[in-house]
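This report refers to the structure that appears directly beneath it.
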């Protein structure tokens, strides 16, 4: 997994999201122009004689957003523009904007989480075997990255990428994602 690059002066902050809303919150924040990291792991779950692959958050109810606290605009993250976002982790600070200062995630922690998520994903992929081609007009689930847990309809699956249209509740927009991050729904 390639580390998400952030601009100089920016840092990572933890954002609490409403239950099961983290993927939609991540999509909204990405649309505002902020880098987002939403760590998931994929596990194979056995039910009776059937097994299926499911996503589980590495840190339930939280995602990570990068911004420069000294530059105006980060307050949009917890505004009405981002449904499902509850609050940034932080502390009261009378010298800061609105009496609140978000708490930075320590340097290296996000990179460590990215490494863990990548290792878990690779281990699961090795256990699952080769990826089948997703036929056009079939349903698919994105299970890795900022768009994790979003579903849509496949347009085509070529050259290691899947072009799909997200369901209307996720904006109905076409997205192109790596094949290894998508499975049939």
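Tabulated data for the structure shown
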| read-out | value |
| --- | --- |
| Of residues in region 92-105 being modelled with pLDDT under 80 and not in a helix (DSSP H, G or I), the one nearest to the chain's Cα centre (by Cα) | 100 |
| Filter result (modelled with pLDDT under 90, farther than 12 Å from residue 60 by Cα and outside any helix (DSSP H, G or I)) within region 9-31 | 9 |
| Criterion: assigned to a loop (DSSP other than H, G, I, E, B), outside the structural domain of residue 7 (by TED's automatic domain parsing), surrounded by 15 or more Cβ atoms within 10 Å (Cβ to Cβ) and modelled with pLDDT of 80 or more - qualifying residue of 141, 147, 134 | 134 |
| Residue selected from region 150-185 under the condition outside any helix (DSSP H, G or I) and touching a residue at least 60 places away in the same chain (Cβ under 8 Å), by the criterion farthest from residue 41 (Cα to Cα) | 171 |
| Of all residues making up region 106-120, the number that are closer than 16 Å to residue 143 by Cα, free of Cβ contacts under 8 Å to residues at least 40 places away in the same chain and either touching a strand residue (DSSP E or B) at 6+ places or on another chain (Cβ under 8 Å) or not in a helix (DSSP H, G or I) (or both) | 0 |
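The values are calculated or read from the model by the stated rules, or taken from the named source; none is laboratory data. This is a predicted model, so every value here is computed, not measured. Cβ atoms come from the backbone with ideal geometry, glycine included; neighbour counts cover every protein chain shown.
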